Structures are given as structure tokens and as C-alpha cells.
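Engineer: Shown below is the structure under consideration.
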Amino acid sequence: MRIVHFFRKMNVILFMSFLVYSLIFISLIAALENFNWKQLFDNFQISDLEKKAYLIMDDMRNQGIFEGPLSEEQQSWLSRRAALHGMLLEFESKDRKTVWFNSFTRATPVPESSIRELPYTAGGATRGYLRMAYILENNELDPTFVEFQEALNLRSKLLFSLIVVVSIAFSFLIARMLSRHLKNVDELAKQISTGQRDITIPVKGPDEVRRLAATLNEMSRELKKQEDWRHHLMEDLTHELRTPLTSMLSQIEAIVDGVYEADNERMQDIYEELIRLSRLVNDLERLSEAESARFTLNIRRTNMVQLARRVYNNYIPVARSKNIKLMFESTNVPCYAQVDRDKIVQVLSNIVMNAIKYTSEGGRVTIRVDWNVDETIISCEDNGTGISENDLPYIFNRLYRADKSRSRFSGGVGLGLSIAKALVEAHDGTIRAESKLGRGSRFTVTLPNEYNAYQREAMD
Ligand code: ADP
């Protein structure tokens, strides 16, 4: 079991594969080289033998016609020729029944493959066959030749062992190098899984490991964000719930104790607190939906001027009841963008509703739609209370209300802008606010005209 575990280790697998690969490679090269040299040498010998055979045959013709049985003189002539060229010779009759001359018997058996045979023609007729081979033994018995060959062998063995050792070391180093980064990532990932969030895995090593490290870092950051989010939400919520609950509890306690009368006015107070609480719960639900909206967007090509005009129409009665002048300005060309209509209506409703809410009677609210090739820009400007410089950076935070008492009075729970922001960001858009206290505010939503799902995926 431990052996199996050992062989499943990344560095062992890498080491083995590099080693096997390099050994196969080296052996292949060695075999090819040997085979090649031998083959070349064999080819050379055969063609050389042929050349010499023709020379001998030519010489034989010059000596007169050789035909068996050969005279003493002819035999010693052939012996001399064979010795001169360092080869074995056999001369046999045309019907291959009689051997007229043979020096093969002097040597150990010669393999058929290294024998060359040619017909001997003289005077226009084939007289017999000449067979020849090199006397290899001569060379092989030569001590200097043997010594040379042994030295050569030794060197190639040494070279081979050196290459093997180098490739073992090389495989070991590469395997260790590759697996080291992975091991580091694994160790840090384990720490992340135990709840440590302040860890950043170094993005090092091969591309895949780098990507893994980057993904884990991203994941750890996202986890931290989520945990912080949850933590802050709990804090905000407890805080937000405590005030109305305490107020209601003390009022009811006083009624139960008989300190207060359960009159209409008191019941109205409690009723309003309860309405606020249920609005808070509803808005929280909407915020949670908005924050996961990017996964559920129902994207459609939409005429944004029409869409903004719809929101404008919806709010005319509310504005009129507060004696606020609600206006709509847009380019004359229809501008199209790919958006989730309901979600964008919700965004615009939130900011237009705020503008009306935080503008006093006789004020003015203007909705504007602008357009360029890449984006649609919708803004909502009012000349209402405005937001102080101190509050401005936080108004998009959950449950943040610039002026607690006044917003509480106006019924806001501080979630409208967080919902709007989450929905706009789900579209890859932006939302920003400019404001001057006492002068008014302008909220600007910018949405890309093309919704790029692929980009979203890559970013995720
Ligand atoms: P709320 O439900 O309290 O309106 P929002 O998230 O919609 O919560 O807004 C957060 C805070 O931003 C508000 O409490 C308010 O103080 C401020 N705010 C938003 N819009 C405007 C505006 N048009 N004019 C002035 N203040 C605004």
C-alpha cells in the first residue's frame, strides 16, 4: 500500500517518466548509431569486394584463360592475388561440381552474407564462378586492432554510463522543480481550507501551476469578501433590528404594565415600526437577489430611451403629489443595449424614487438618456437636499443612510442604492453619484451596449 502511495506521488511519476523517456531516447540513438555504422561498413565491403573481383578477373584474362584443373603456376598466381587484396578466394567450375581453387578452408567459416560471387567469363563464355570474402580474422587477431577496439568499447560504455547518470540527475532535478511549486500550492491551499484568509500563494512555476495559484488566491480573496460581507451584514442587521424591536418592546411592556394606554396613537407607532421591519426584510431579500443577479440575467436587446421613459411615466403621479417637476430628456435616436429590462427598471426606479424622496416641494428632477457607440448613460438629477462630502462615499453601502433621522422619517432603510449598484454591476456597468449638500445630486448609470457573457465568465 505504501509502495502504491509512493508511486502515486507527482515527483516520483515525473522522475520516472523523464528517466524512462531519456533512457529510451539514449538507447535508440545508441542502437541507431551502431546499426548505421555496421550497415555502412558492410555496404562498403561488399562494393569493394565487387570492384576487386573485377580487377582479379581482368588480371586472370590477361594471364590467359583460367579453366580447371588449374596448373600449379595458376594456383600460386591466384594465391598471390588473394593475398595481395587480403581476401579469400574460391574458383569453381561452371556446373559447380568441381572446386579448382579454394583458400576459404584456411580460415574459420565465413558467413554467407559476407561472400560475394561473380561469374568468370573469358573468351566469350562463362568458365566458372569466383567467390570471395574478406579475411576478417586477420584484423581481429591483430593485437593493436583488438586493443583499439577495446578502448573504443570502453569509451562508449563510459560515455553511455555518463549520459545515464546525467539523465538520472536531470530527471530528478526537473521532477523536483516541477513538483515543488505544486507542493507549495497544496500546502497553502490546505491552510486556506483551515480558515486562514490572509494567505497569498506565490504565483510561480509552470503556467498551469501559476494559474492554479492565481485561482486559489482569487478564491481565497472571494471567500474573505464573502465572510466579511456576512459578518458586516450580521452586524448591520442586528443594529438595524435592535432599535425598532427595543422601541416596540418597551412600548408594549408599558401597555402591559398599565403605564400606557393602548390607544390609537401608540398602536399606530408600533404599526409603523412593524411596517419598517417588513420593508427591511423585503429589501434584504431583493438585495440578496441583486447580488446573485449576474447568474440569472434575462438579457434582451432593449430600446433604452423607451425603458427610461417608462420609469419616468411611472413616477409622474408621485412627483406631482409632491409638487415636484419631473422631466425627461433624451436623444432623438433610439439607443439599444443588451440588458435585463426588469432589473434596469428596478435600478432607475430606485434612483428616481430617491430623487423625489430627497427633494422638497417645488423642486425639480430630470431624467436624461445619452448614448455613444459603447455605452448608454442614464442620469437622474435633482435640486434636493444633496449629500454631504462625508456621506457621499458610503451611500452605496448596505444599510447606510446619510441622515439617519430624516431617512428614517422618509421610510428608507438604506438598501435601495446597494440593490441598484449590485444590479448595474451584474451588467458590467457602473453607477456613481455627484452631490452638493443643499444644492442637489446627480446619479449616473453607465451600461455597456453589448452584454459580453464570455468576458463575465473569464472574470469570474
Ligand atoms: P434609503 O432607503 O435610505 O433611501 P438608499 O440606499 O436608497 O437608502 O440611499 C442611501 C442614502 O443615500 C439615503 O439614506 C440618503 O441619505 C442618500 N441619498 C440617496 N439618494 C439621494 C438623493 N437623490 N438626494 C439626497 N440623498 C440621497
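The values are calculated or read from the model by the stated rules, or taken from the named source; none is laboratory data. Predicted model only: the values in this text are computed from it and were never measured. Please note: Cβ atoms are built from the backbone with ideal geometry, for glycine as well, and neighbour counts cover all protein chains shown.
Engineer: Taking the range 58-78, which residues are part of a helix (DSSP H, G or I) and either out of contact with any Leu (no Cβ under 8 Å at 6 or more places or on another chain) or modelled with pLDDT under 85 (or both)? Before the answer, list the steps.
Structural biologist: Residues of the range 58-78 that are part of a helix (DSSP H, G or I), as a first pass: 58-62, 72-78.
Listed by number, the residues that qualify are D58, D59, M60, R61, N62, E72, E73, Q74, Q75, S76, W77.
Engineer: Kindly indicate whether any position in the range 326-334 is surrounded by 16 or more Cβ atoms within 10 Å (Cβ to Cβ) and within 16 Å of the ligand (Cβ to nearest atom).
Structural biologist: Yes: one or more hits.
Engineer: Considering the range 92-118 alone, what residues qualify as being in contact with a Leu (Cβ under 6 Å, 6 or more places away or on another chain) and modelled with pLDDT of 85 or more?
Structural biologist: W100, F101, L118
Engineer: Follow-up. Applying the selection to the range 304-355, what residues are in a loop (DSSP other than H, G, I, E, B) and touching a strand residue (DSSP E or B) at 6+ places or on another chain (Cβ under 9 Å)? So that I can check it myself, show each step before the final result.
Structural biologist: Quick first cut of the range 304-355, residues in a loop (DSSP other than H, G, I, E, B) only: 322-324, 331-335, 340.
Across the range 304-355, the qualifying residues are I324, T331, V333, P334, C335, D340.
Engineer: Please find, within the range 351-376, the residue that is farthest from G386 (Cα to Cα) out of those that are within 8 Å of the ligand (Cβ to nearest atom) and buried (at least 23 other Cβ atoms within 10 Å of the Cβ).
Structural biologist: Here the residue is I351.
Engineer: Under the condition of being farther than 25 Å from E329 by Cβ and of a type outside the set (A, V, I, L, M), which residue from the range 292-307 is modelled with the highest pLDDT?
Structural biologist: N298
Engineer: Counting only residues that are surrounded by 14 or more Cβ atoms within 10 Å (Cβ to Cβ) and among the small types (G, A, S), which one in the range 144-173 is farthest from the chain's Cα centre (by Cα)?
Structural biologist: S167
Engineer: Is there a residue being part of a helix (DSSP H, G or I) and either touching a residue at least 60 places away in the same chain (Cβ under 8 Å) or surrounded by 12 or more Cβ atoms within 10 Å (Cβ to Cβ) (or both) anywhere in the range 294-303? Don't jump to the end; show me each part of the working.
Structural biologist: Within the range 294-303, the subset part of a helix (DSSP H, G or I) is 294-295.
Next cut, either touching a residue at least 60 places away in the same chain (Cβ under 8 Å) or surrounded by 12 or more Cβ atoms within 10 Å (Cβ to Cβ) (or both) only: 294.
Taking every residue of the range 294-303 in turn, at least one turns out to be part of a helix (DSSP H, G or I) and either touching a residue at least 60 places away in the same chain (Cβ under 8 Å) or surrounded by 12 or more Cβ atoms within 10 Å (Cβ to Cβ) (or both).
Engineer: Only one of (1) within 30 Å of N452 (Cβ to Cβ); (2) without any contact (Cβ under 8 Å) to a residue 24 or more places away in the chain; (3) touching a strand residue (DSSP E or B) at 6+ places or on another chain (Cβ under 9 Å); (4) of a type outside the set (A, V, I, L, M) is not met by D391, so which one is it?
Structural biologist: Checking D391 against (1) within 30 Å of N452 (Cβ to Cβ); (2) without any contact (Cβ under 8 Å) to a residue 24 or more places away in the chain; (3) touching a strand residue (DSSP E or B) at 6+ places or on another chain (Cβ under 9 Å); (4) of a type outside the set (A, V, I, L, M), the one that fails is (1).
Engineer: When you scan the range 377-394, how many residues do you find that are near the ligand (Cβ under 9 Å from one of its atoms), of a type outside the set (D, E) and modelled with pLDDT under 90?
Structural biologist: 1
Engineer: Pairs, please: C-beta under 7 Å, at least 6 apart or cross-chain, first residue among the small types (G, A, S) and in the range 335-359, second at pLDDT 95 or above and within 16 Å of the ligand (Cβ to nearest atom)?
Structural biologist: Cβ pairs passing all conditions: S349/V311; A355/V365; A355/C380; A355/D382.
Engineer: Would you be able to tell me the number of residues in the range 91-134 that are surrounded by 14 or more Cβ atoms within 10 Å (Cβ to Cβ) and β-branched (V, I, T)?
Structural biologist: So the count comes out to 3.
Engineer: Out of (1) modelled with pLDDT of 90 or more; (2) in a helix (DSSP H, G or I); (3) more than 7 Å from the ligand (Cβ to nearest atom), what's the single condition that is false for R406?
Structural biologist: Answer for R406: the failing condition is (1).
Engineer: Got a sec? Which of R176, R197, R210 is surrounded by 15 or more Cβ atoms within 10 Å (Cβ to Cβ) and basic (K, R)? So that I can check it myself, show each step before the final result.
Structural biologist: Values: R176 fails: surrounded by 15 or more Cβ atoms within 10 Å (Cβ to Cβ); R197 fails: surrounded by 15 or more Cβ atoms within 10 Å (Cβ to Cβ).
Exactly one residue qualifies, and that residue is R210.
Engineer: Next up: Small (G, A, S) and exposed (fewer than 14 other Cβ atoms within 10 Å of the Cβ), is that true of A83?
Structural biologist: In short, yes.
Engineer: All but one of (1) within 24 Å of I419 (Cα to Cα); (2) at pLDDT 95 or above hold for Y358; state the number of the condition that does not hold.
Structural biologist: So Y358 meets the others, but not (2).
Engineer: Which of (1) at pLDDT 90 or above; (2) near the ligand (Cβ under 8 Å from one of its atoms); (3) assigned to a helix (DSSP H, G or I) does A433 not meet, given it meets every other one?
Structural biologist: That leaves (3) as the condition not met.
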